[in-house]
């Protein structure tokens, strides 16, 4: 049953994020979105205009939510190094959880960017920049705490960690075992050593 016009837009967006995250943009139908968001077609178009416009809102919501959660976790972590290790080791855990092999939404459709509108590509770049900022903040904290050598280039390490995380998510989605992921993660984290 469709929601009345005064539905909660934030909750509807969260439902749409889940659908796009699970299925990807191309495989998501309008029917999928209407069912998940519990909206009528008219409410959907009045509020979100189109599937493409909704997808842009979902990308913004997702990347901001994940970056904010990561920054919060960093602030709560016992150290910058502990945070970085946890981010990567968590990628090898939970493969048996629902959506355990799901990649990052921001990077999920990145292979199709050439045929997508520039607005999607811009949001993907902004998402990568936000995640890179979190990693840079963690590296700089770890350097101040003496857990990462001070002479390491924090910007380069942050870019490397961000791209490694994206690659690990892709490999995980493709079916890598927890052991294979742990092996890759150990090599990745060795970049933090002297």
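Taken over the stretch 127-156, the residue count meeting the criterion of being within 26 Å of residue 55 (Cα to Cα), at pLDDT 95 or above and surrounded by fewer than 18 Cβ atoms within 10 Å (Cβ to Cβ) is 1.
If you filter the stretch 81-107 down to residues that are surrounded by 14 or more Cβ atoms within 10 Å (Cβ to Cβ) and within 20 Å of residue 23 (Cβ to Cβ), you find that the one that is modelled with the highest pLDDT is 105.
The values are calculated or read from the model by the stated rules, or taken from the named source; none is laboratory data. Predicted model only: the values in this text are computed from it and were never measured. Reconstructed Cβ throughout: ideal geometry from the backbone, glycine too, with neighbour counts over all protein chains shown.
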